[in-house]
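**Student:** This is the structure I have questions about; it appears just below.
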Amino acid sequence: MFGRLFGKSRKASPASAKKELPIDQATIGLCFDFQRGIDYSSEYLTDVGLDCILQTLRTHGLRATFNCSAKLCESAPDHLSKIAEAGHEISALGYADESPRDLSEDAIKQLVYTCRSEFAKRGLHPIGFRSPHSHWDNRLCRELARQKFIYNAEHDHAKCPYVLVPGSPPLVRIPVRTDDRGLRRSEDTYDATVSKHLRAVRKAIQHRYFVTICFHPWILAEDMERMEHWQSWLNFGVKAGAKMIPLQDALPNEYRLNEIETNRS
């Protein structure tokens, strides 16, 4: 939508010097990309996966972050309400599967504003933003900071959150190490992906750092072996004593104070 209006622009460039925000124990960020057909994924499988995930999280007494396309405020408001009423964080996953890298600066400004506006109409005020397919760039990050988002969650191998754009409030990068798309490929890739997911948790526990793996409800529901893998992965982290949290809880207290002001605005 935004690309057709304003045209394309350059790709992302690397982040500059980091002000790291260290954590005090091994921490696992729990997050899911929830688009429910916006990205042509199956609405049915997404719903099945969501119900199973919510039940599993409820059983463990855990909260998670659901990165949701803003267009769902129109097409699936009841699903957003179900997530929010269960006590989980809702973060913005773009508007409708667009790639911010391919947008002009004017389109990026409109994208961020539209996301915030659509969620606000439903009484939701996300403080986090994730780009579909992690197609972010520095122009997007500057605009997120300008429009008072507090964190940006993208694919990144950093071992803890860090300040991405200084300011008041600053914009924090919450790194997402990998996702579950490898589970859909060949058997060899499936096994390698399972091993990678477990290895990421082991390393986080061993070295006491932060790690997030982003899962998709429809991918997990497409084959219940994948759902069982996610549940085993979750159980492994819980039994190992890792802190299991939604992404917003990875922010230091002084940064999270800005969440109150953001939700009032």
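**Student:** Restricting to the stretch 207-229, give me the number of residues that are assigned to a helix (DSSP H, G or I), touching a residue at least 12 places away in the same chain (Cβ under 8 Å) and either of a type in the set (A, V, I, L, M) or more than 21 Å from residue 130 (Cα to Cα) (or both).
**Tutor:** Let us first name the residues in the stretch 207-229 that are assigned to a helix (DSSP H, G or I), namely 207, 217-222, 224-229.
Going one step further and asking which of them are touching a residue at least 12 places away in the same chain (Cβ under 8 Å), we end up with 207, 217-222, 226-227, 229.
Narrowing further to those that are either of a type in the set (A, V, I, L, M) or more than 21 Å from residue 130 (Cα to Cα) (or both): 207, 219-222, 226-227, 229.
Count: 8.
**Student:** So for the stretch 69-89 (the condition being in contact (Cβ under 8 Å) with a residue 60 or more places away in the chain, more than 22 Å from residue 174 (Cα to Cα) and assigned to a helix (DSSP H, G or I)), does at least one residue qualify?
**Tutor:** The first filter runs over the stretch 69-89 and keeps only residues in contact (Cβ under 8 Å) with a residue 60 or more places away in the chain, leaving 69, 88-89.
Okay, now just the ones that are also more than 22 Å from residue 174 (Cα to Cα), so none.
Looking through the stretch 69-89, none of the residues is in contact (Cβ under 8 Å) with a residue 60 or more places away in the chain, more than 22 Å from residue 174 (Cα to Cα) and assigned to a helix (DSSP H, G or I).
Listed here are the residues, each with its yes/no results for (1) modelled with pLDDT of 95 or more; (2) on the phi > 0 side of the Ramachandran plot.
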| position | (1), (2) |
| --- | --- |
| 134 | no, yes |
| 145 | yes, no |
| 155 | yes, no |
| 171 | yes, no |
| 184 | no, no |
| 197 | yes, no |
| 210 | yes, no |
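**Student:** Moving to a separate point now. Identify all residues within the stretch 162-188 that are among the hydroxyl-bearing types (Ser, Thr, Tyr) and either within 21 Å of residue 68 (Cα to Cα) or assigned to a loop (DSSP other than H, G, I, E, B) (or both); write none if there are none. Step through it out loud before you land on a result.
**Tutor:** Pass one, the stretch 162-188, residues among the hydroxyl-bearing types (Ser, Thr, Tyr): 162, 168, 178, 186.
Passing the criteria: 168, 178, 186.
**Student:** Please go through (1) in contact (Cβ under 8 Å) with a residue 60 or more places away in the chain; (2) open to solvent by 40 Å² or more (accessible area, probe 1.4 Å); (3) within 26 Å of residue 251 (Cα to Cα) for residue 48 and return the number of the only condition it doesn't satisfy.
**Tutor:** (3) is the only condition that residue 48 fails.
**Student:** Among what's in the stretch 220-247 and is among the aliphatic types (A, V, I, L, M) and touching a Leu at 6+ places or on another chain (Cβ under 9 Å), pick the residue that is most open to solvent (accessible area, probe 1.4 Å). Break it down stepwise before answering.
**Tutor:** Filtering the stretch 220-247 down to residues among the aliphatic types (A, V, I, L, M) leaves 220-221, 224, 227, 234, 238, 240, 242, 244-245, 247.
Now restrict to residues that are touching a Leu at 6+ places or on another chain (Cβ under 9 Å): 220-221, 227, 234, 238, 244-245, 247.
Details: 220: 0, 221: 10, 227: 2, 234: 0, 238: 61, 244: 22, 245: 13, 247: 1 Å².
Top of the filtered list is 238.
**Student:** Within the stretch 96-110, identify whether any single residue is touching a Gly at 6+ places or on another chain (Cβ under 7 Å) and under 23 Å from residue 250 (Cα atoms), and answer yes or no.
**Tutor:** no
**Student:** Residues in the stretch 111-145 that are open to solvent by 30 Å² or more (accessible area, probe 1.4 Å), in a helix (DSSP H, G or I), touching a residue at least 12 places away in the same chain (Cβ under 8 Å) and over 15 Å from residue 67 (Cβ atoms): how many?
**Tutor:** Count: 4.
**Student:** Moving on to the next point. Yes or no: the stretch 248-262 includes at least one residue that is closer than 28 Å to residue 46 by Cα, aromatic (Phe, Trp, Tyr) and either open to solvent by 10 Å² or more (accessible area, probe 1.4 Å) or not in a helix (DSSP H, G or I) (or both).
**Tutor:** Of the stretch 248-262, the ones closer than 28 Å to residue 46 by Cα are 248-250.
So of that shortlist, the ones also aromatic (Phe, Trp, Tyr) come out as none.
No, there is no match, as no residue in the stretch 248-262 is closer than 28 Å to residue 46 by Cα, aromatic (Phe, Trp, Tyr) and either open to solvent by 10 Å² or more (accessible area, probe 1.4 Å) or not in a helix (DSSP H, G or I) (or both).
**Student:** Only residues that are of a type outside the set (A, V, I, L, M, F, W, C), touching a Leu at 6+ places or on another chain (Cβ under 7 Å) and crowded, with 21+ Cβ neighbours inside 10 Å: list them for the stretch 51-93, please.
**Tutor:** If the condition is that a residue be of a type outside the set (A, V, I, L, M, F, W, C), touching a Leu at 6+ places or on another chain (Cβ under 7 Å) and crowded, with 21+ Cβ neighbours inside 10 Å, then 65, 67, 69, 89, 91 are the ones that fit.
**Student:** If you don't mind, another one. Identify all residues within the stretch 22-31 that are outside any loop (DSSP other than H, G, I, E, B) and surrounded by fewer than 24 Cβ atoms within 10 Å (Cβ to Cβ); write none if there are none.
**Tutor:** Within the stretch 22-31, the first condition is being outside any loop (DSSP other than H, G, I, E, B), and the residues that meet it are 27-31.
Of everything in the stretch 22-31, just one residue is outside any loop (DSSP other than H, G, I, E, B) and surrounded by fewer than 24 Cβ atoms within 10 Å (Cβ to Cβ), namely 27.
**Student:** Out of all the residues in the stretch 146-161, which are in contact with a Leu (Cβ under 8 Å, 6 or more places away or on another chain) and outside any loop (DSSP other than H, G, I, E, B)?
**Tutor:** Pass one, the stretch 146-161, residues in contact with a Leu (Cβ under 8 Å, 6 or more places away or on another chain): 149-153, 160-161.
If the condition is that a residue be in contact with a Leu (Cβ under 8 Å, 6 or more places away or on another chain) and outside any loop (DSSP other than H, G, I, E, B), then 151, 152, 153 are the ones that fit.
**Student:** Scan the stretch 150-208 residue by residue and report those that are in contact with a Lys or Arg (Cβ under 6 Å, 6 or more places away or on another chain), open to solvent by less than 10 Å² (accessible area, probe 1.4 Å) and closer than 16 Å to residue 252 by Cα.
**Tutor:** Listed by number, the residues that qualify are 152, 153, 162.
The values are calculated or read from the model by the stated rules, or taken from the named source; none is laboratory data. Treat the numbers as computed from the prediction; the structure is a model and nothing was measured. Because the Cβ atoms are built from the backbone with ideal geometry, glycine has one as well, and the counts that use them run over all protein chains shown. The protein model used for the area step is the full one, side chains on, heavy atoms only, and it has no ligands, DNA or RNA in it. Shrake-Rupley method; radii C 1.70, N 1.55, O 1.52, S 1.80 Å.
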